[in-house]
Amino acid sequence: MERLYNQAVPRLTSPSTISLDLTKLARRIPAEAYLPGKWIRLSDGSFSDPPHFSGRLVWPIRLAHGCSKGQVKWCWPSPKLVKLTVDQRRSIDMVLLSVTRVSKTFGDQTVLHDVTFDIRSQDHVALVGPNGTGKTTLLRILTGQIPADGGDVALPSAGTVGYLQQHPEFADSDTVWSVASGAVGDIATLARQAEMVAEQLSTCVDEEQHARLIEQLDRLQVKLHQEDAYNWEHRVERVLQGLGFVEDWYQRPAKQLSGGQQNRLMLVCLLLQQPDLMILDEPNNHLDIESTEWLENTLANWTGAYLLVSHDRYFLDQTATSVLELVDSRIDRFKGNYSAYVRQKSERLEVQRRTYEKQKEEIEKLQEFIRKHHHGQKSTQAEDRRKKLERIELVDPPREIPTPKFHFPPASRTGDVVLRCEKLSKAFDRPLFANLSFQIERGQRWAILGSNGSGKSTLLRCLLGEMAPDAGNVHLGHNLQIGYFDQLLKRLPENVSAAEAIRVPHRDLIDRERRDILAAFGLTGDVTQKPLSMLSGGERNRTMLAWLSAMQANFLVLDEPTNHLDLWSRQALEAALNQFDGTVLLVTHDRYLVNSVADHVLVMGEGKVSQIDGNYEAYRHWLREGLAIADRGQIGALGSASRSGTGYTRSEVTGTTGQNPGLALRSSDGGKRKRKYPYRKVVELETEIAEAECSLDQLHKGMLDPNNLRDGRKMKDLQQQVVEQEQKLLQLYEHYEEACELN
C-alpha cells in the first residue's frame, strides 16, 4: 500500500503540501478504505490528525530529518485498511454508476440508443420522460434484470446499490418489524459479540490475551459506532412511522399487507439499508400526502446518491438536483429540479428551433441557386455551392415532446350556489366527518386533501347522492350538469372501444366528432378502436377525461384524475382546468395541481375537516405559522390549533353556509369583546389581506432569486421586509376577525 502512495507522491526537496488524486488509485485501493495515521507533522512544526478524504485528498507531509534529497519519510505506521462510516464514504466524490452507449431494441422499435450518463456519489437525479419511452427498461438494465443489446454499465466494486423491489416475497413468519429490522444489517450480532468480549476481558489475567481482547473490543465498538448501532431501533421506528406504519402494525404478518403496503415496506427496508446509490421507481406510489412529504424531506437531506422516476412534479421539485430526460431513445441532462428543467428545456428548444430553421433556410437557398445555375454561366459557383452543401453537418430537429391539448368545452351557466353542504356527518368504524358545513359557488375551484382513509372519496359520494350520510343535507344548485370522474373508472364499460365509451345520452355525436374529442386527449389511430380492457391505465384515464368533455359538464367532480398520467398529460390537465369556466371539486394527491388550480382547500383528518381559502402553499403557510397541526395521520386539523396570547382559536369548518368558516373570535372571559381596531368593512379588509399576502409571496420569491442570494445587503433588506409584512398580516387577520364578529 505504501508503494502505491509512493508512486502517486511527487519527489519533494523541502517541506510542503501535496495533493493526491484518488482517481489515480481508484482501481487498486477500495473507495471505502483509507490509510490512517496517528500524528502528522506539518510544515510549520505543529502536529495534526490525518485529514479525511474529500474528493482530492490534501495531505500535509514533511521531510524527516536526515532524509536524502528526493526521499520522503512516511509519518504513519504500517498501512492498514480501515472501513469508513457511511458519511465518510459518501463524502468522497466518485462515480457510482457509469452508463456508456447503452442500446436496447424490441423488435423493430429502438427504445434506447447510445444512452450515456454517470451518477456521482452525491447526485440526486430524476429520470423523466413520457409514458412508453423506456424509463422502466433503462432501470431494469441498470439493475441487471435484463441485458442491454450494446454498451456498458459500470458499478464500482466498493459501492453498494439498492433497488426498490416492486413485487416482494415474504416468509410466513415475517412481520413488519422483523422485515424492517432485518434491513439494518447484522447489528444485533455485533452487539452480542461486543458483550461477550467485554465479559472475557473482565476475567482475563493474561497480559497478552488482555491486549488482544482490548484490540478486538475496540474494533467492535468502532464498527458499532459506524453503524449507529446504539440507535438502530429508533431508526427503524422513525422510518416505519414516516411511511405510515403505526405501532399497532409492527407485529402484523407481512404477507397480510396489501400490495401497496408491501411496496411501502420495501421502501422502508431500502432507506434503512442506506446504500451508496438508490434506484427508485415511483417511490411515492401508494403514499398519502403526509408520507410523501416525509419521504421527500428524507431524500432531500440524503447524503448518498439516488436515481428516481416519479410523475409527481412537486415531489421532483423538492428532491431532484439534476434531471435526465429520456425522449426518442436518447438522454439529455439538465441541472436543477423539475421547475429548472422545464425552464431550461424551453430555452434549449428555442435555440434548437432557431438553429434548425436557420440551417434549413440556408440549405434551401443553396439548393435553389444550384437548381437555377447548374448549367448556366454561374455553373462554377453552383458547383462550389454543391460541394458546400455536401459538407454541411445537418442539425437534428428540435426534440419536442408532443403534449396533448386537453380541452373542456365552455360551461353553461348555473345558479350562484353550486353546492351547499349543511351539518353533514358520516362514520363507519370511526367518524370520518361530523357537522360539516360549507358552500361552493359558481366558478370556484375546490380541492380536498387528506391522508389515505380520511374519507375524501366518501365525502364526494355523499355530496353526489351516491351514498347516504348519517346526518345532514346536501343541496345542489340550479341547472347543474355534473361530470364525475371516479378513480376506479367504473363508469366506462371495459368491453367497448374508446370511441364507443364516450357516447353520452344527451348528445348525438357522429364518429368523427368522437374521434376529435379523443384526439384532444392524446388518443388517436387504432387506440380509439381497441377495447378499454386492452388499454393502459393512462389511456383509460384519458378516455374518462374525454367522456367528461363530451358530457359538456358545468360542474366537474374529479377523484384522483392524475392517476397513471405522465408529467406532460398532467400539465395538459392543469391547463385545461385553468381554462375551464365552470366549477371544479377535486380530490388529488398532486400538490402541484392543487397549487395551480385550487382557490379553496378542504383538509380532512382524524374526523375533522378544515377549510383554507387558497391553494396548497396557503395551507403550508398556516402550518408554518402554527395555526395548523400536522400530526401522524392528520393533515391540517386547523380546528384544534390555537394561537397563545391572542384570545382566539381557528375553528373547524362547522360555520353557517354562505360565509367563510374558520375564523371565530372569543374573549378570554367568554363574552363579546370590545373593538381593538377602528370600524372597517369586511370586504375592504379581505381585499387588503389578499394584496398583503401577494406582496409577501413576491418577497419570498425574491429571496430565492440567485442574484439576490449573492447580495448579502439585499438579502438583509428582503428579510426585514418579510418580517414587517408578516406583522402587518397578523394585524390584518385580527382586524378581519374582529370585523366578522362585531360588524
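The values are calculated or read from the model by the stated rules, or taken from the named source; none is laboratory data. Please read all numbers here as calculations on a predicted model, not as lab measurements. Counting neighbours? That spans all protein chains shown, and the Cβs are built from the backbone with ideal geometry, glycine included. SASA here: full protein model, heavy atoms, side chains in, ligands and nucleic acids out. Shrake-Rupley method; radii C 1.70, N 1.55, O 1.52, S 1.80 Å.
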Problem - Criterion (in contact (Cβ under 8 Å) with a residue 40 or more places away in the chain, open to solvent by 10 Å² or more (accessible area, probe 1.4 Å), closer than 26 Å to V95 by Cβ and not acidic (D, E)) met by exactly one of T319, T298 - result: T298
Exercise for the section: Among what's in the stretch 481-503 and is open to solvent by 90 Å² or more (accessible area, probe 1.4 Å) and among the charged types (D, E, K, R), pick the residue that is farthest from M551 (Cα to Cα). Expected result: E494
Exercise for the section: Examine the stretch 236-256 for a residue that is touching a residue at least 40 places away in the same chain (Cβ under 8 Å), open to solvent by less than 20 Å² (accessible area, probe 1.4 Å) and part of a strand (DSSP E or B), and state whether such a residue exists. Expected result: no
Exercise for the section: Check the stretch 366-385 and report whether any residue there is modelled with pLDDT of 90 or more and assigned to a helix (DSSP H, G or I). Expected result: no
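Kindly evaluate F408 against the criterion of being assigned to a loop (DSSP other than H, G, I, E, B), surrounded by 17 or more Cβ atoms within 10 Å (Cβ to Cβ) and within 32 Å of the chain's Cα centre (by Cα).
Details: assigned to a loop (DSSP other than H, G, I, E, B): yes; surrounded by 17 or more Cβ atoms within 10 Å (Cβ to Cβ): yes; within 32 Å of the chain's Cα centre (by Cα): yes.
So F408 fits the description; yes.
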Fill in the blank from the handout: When H600 is run through (1) under 30 Å from T562 (Cα atoms); (2) modelled with pLDDT under 80, the failure sits at (2)
Fill in the blank from the handout: Going through (1) modelled with pLDDT of 85 or more; (2) in contact with a strand residue (DSSP E or B) (Cβ under 9 Å, 6 or more places away or on another chain); (3) assigned to a helix (DSSP H, G or I) one by one, E290 fails only at (1)
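Residue under question is L324, and the condition is that it be part of a helix (DSSP H, G or I) and touching a strand residue (DSSP E or B) at 6+ places or on another chain (Cβ under 9 Å); does it hold? Let's see the steps before the verdict.
Numbers: part of a helix (DSSP H, G or I): no; touching a strand residue (DSSP E or B) at 6+ places or on another chain (Cβ under 9 Å): yes.
Here the answer is no, as L324 does not meet what is asked.
Just to be sure before I move on: is R235 over 30 Å from G522 (Cα atoms) and at pLDDT below 80 in the structure I sent?
On the way: over 30 Å from G522 (Cα atoms): yes; at pLDDT below 80: no.
No.
Any chance you could count how many residues in the stretch 504-530 are touching a Leu at 6+ places or on another chain (Cβ under 6 Å) and either β-branched (V, I, T) or open to solvent by 70 Å² or more (accessible area, probe 1.4 Å) (or both)?
First pass over the stretch 504-530, keeping only residues touching a Leu at 6+ places or on another chain (Cβ under 6 Å): 521, 528.
Pick out the ones that are also either β-branched (V, I, T) or open to solvent by 70 Å² or more (accessible area, probe 1.4 Å) (or both) and you get 528.
The qualifying residues number 1.
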Handout entry: Failed item, numbered, when K83 is tested on (1) open to solvent by 60 Å² or more (accessible area, probe 1.4 Å); (2) modelled with pLDDT of 85 or more
Key = (2)
Exercise for the section: Please specify each residue of the stretch 566-588 satisfying the condition of being in contact (Cβ under 8 Å) with a residue 24 or more places away in the chain, in contact with a helix residue (DSSP H, G or I) (Cβ under 6 Å, 6 or more places away or on another chain) and of a type outside the set (V, I, T). Expected result: L577
Fill in the blank from the handout: Log entry, pairs with first residue in the stretch 508-533 being in contact (Cβ under 8 Å) with a residue 40 or more places away in the chain, second being open to solvent by less than 80 Å² (accessible area, probe 1.4 Å) and outside any helix (DSSP H, G or I), beta carbons closer than 6 Å, six or more apart or on different chains, reads F521/P404; F521/F406; G522/P404; L532/L492
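Identify, please: which residue in the stretch 162-186 is open to solvent by less than 30 Å² (accessible area, probe 1.4 Å) and in a loop (DSSP other than H, G, I, E, B) and is, among those, modelled with the lowest pLDDT? Spell out how you get there, then give the answer.
Taking the stretch 162-186 and keeping what is open to solvent by less than 30 Å² (accessible area, probe 1.4 Å), we get 162, 164, 168, 170, 175-176, 179-181, 183-184.
With the extra rule that they be in a loop (DSSP other than H, G, I, E, B), the set shrinks to 164, 168, 170.
Numbers: L164: 81, P168: 74, F170: 83.
By that ranking, first place goes to P168.
Yes or no: the stretch 202-218 includes at least one residue that is under 23 Å from P283 (Cβ atoms) and either in contact with a Gly (Cβ under 8 Å, 6 or more places away or on another chain) or at pLDDT 85 or above (or both). Before the answer, list the steps.
First, pick out the residues of the stretch 202-218 that are under 23 Å from P283 (Cβ atoms): none.
For the stretch 202-218, residues under 23 Å from P283 (Cβ atoms) and either in contact with a Gly (Cβ under 8 Å, 6 or more places away or on another chain) or at pLDDT 85 or above (or both): absent.
Return yes when Y356 is assigned to a helix (DSSP H, G or I), among the aromatic types (F, W, Y) and under 30 Å from D149 (Cα atoms) and no when it is not. Steps first, answer last, please.
On the way: assigned to a helix (DSSP H, G or I): yes; among the aromatic types (F, W, Y): yes; under 30 Å from D149 (Cα atoms): no.
Taking the combined requirement at face value, the residue does not satisfy it.
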Practice task
Would you check if L316 is of a type in the set (A, V, I, L, M, F, W, C) and under 16 Å from the mean Cα position of the chain (by Cα)?
Solution key: yes
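Residues checked against (1) assigned to a loop (DSSP other than H, G, I, E, B); (2) touching a residue at least 40 places away in the same chain (Cβ under 8 Å); (3) not charged (D, E, K, R):
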{"site": "Q145", "(1), (2), (3)": "yes, no, yes"}
{"site": "A148", "(1), (2), (3)": "yes, yes, yes"}
{"site": "D152", "(1), (2), (3)": "no, yes, no"}
{"site": "L201", "(1), (2), (3)": "no, no, yes"}
Exercise for the section: Please state which of the following conditions I401 fails to meet, knowing it meets all the rest: (1) surrounded by fewer than 16 Cβ atoms within 10 Å (Cβ to Cβ); (2) closer than 30 Å to S549 by Cα. Expected result: (1)
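Mind counting the residues in the stretch 107-161 that are of a type in the set (D, E), at pLDDT 85 or above and over 24 Å from M94 (Cα atoms)? Steps first, answer last, please.
Of all residues in the stretch 107-161, those of a type in the set (D, E) come to 108, 114, 118, 123, 149, 152.
From what's left, at pLDDT 85 or above: 114, 118, 123, 149, 152.
Going one step further and asking which of them are over 24 Å from M94 (Cα atoms), we end up with 149.
Of the residues in that region, 1 qualify.
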Problem - Subset of the stretch 347-380 [open to solvent by less than 60 Å² (accessible area, probe 1.4 Å) and farther than 21 Å from W568 by Cα] - result: Q359, I363, L366, F369, I370, H373, G376, S379
Problem - Any chance Q344 is part of a helix (DSSP H, G or I), touching a residue at least 24 places away in the same chain (Cβ under 8 Å), surrounded by 14 or more Cβ atoms within 10 Å (Cβ to Cβ) and polar (S, T, N, Q) - result: no
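Criterion first (free of Cβ contacts under 8 Å to residues at least 60 places away in the same chain, of a type in the set (S, T, N, Q), open to solvent by less than 80 Å² (accessible area, probe 1.4 Å) and farther than 21 Å from L127 by Cα) does Q262 satisfy it? Quick ask: steps written out before the conclusion?
Numbers: free of Cβ contacts under 8 Å to residues at least 60 places away in the same chain: no; of a type in the set (S, T, N, Q): yes; open to solvent by less than 80 Å² (accessible area, probe 1.4 Å): yes; farther than 21 Å from L127 by Cα: yes.
No; evaluated as a whole, the condition is false for this residue.
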Handout entry: Qualifying positions in the stretch 573-594 - assigned to a helix (DSSP H, G or I) and either open to solvent by 10 Å² or more (accessible area, probe 1.4 Å) or over 21 Å from N615 (Cα atoms) (or both)
Key = E574, A575, N578, Q579, Y592
Exercise for the section: Kindly provide the set of residues from the stretch 469-480 that are farther than 14 Å from T458 by Cα, open to solvent by 60 Å² or more (accessible area, probe 1.4 Å) and touching a strand residue (DSSP E or B) at 6+ places or on another chain (Cβ under 9 Å), ordered by number. Expected result: N473, H475, L476, H478
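Conditions tested, residue by residue: (1) modelled with pLDDT under 75; (2) among the aromatic types (F, W, Y); (3) open to solvent by 40 Å² or more (accessible area, probe 1.4 Å).
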residue	(1), (2), (3)
G633	yes, no, no
T656	yes, no, yes
P661	yes, no, no
R675	yes, no, yes
E686	no, no, yes
Handout entry: Single unsatisfied condition, T458 versus (1) over 24 Å from D288 (Cα atoms); (2) free of Cβ contacts under 8 Å to residues at least 60 places away in the same chain; (3) of a type in the set (S, T, N, Q)
Key = (1)
Exercise for the section: Scan (1) touching a helix residue (DSSP H, G or I) at 6+ places or on another chain (Cβ under 7 Å); (2) under 21 Å from P706 (Cα atoms); (3) part of a helix (DSSP H, G or I); (4) not basic (K, R) for the single condition F334 breaks and write down its number. Expected result: (3)
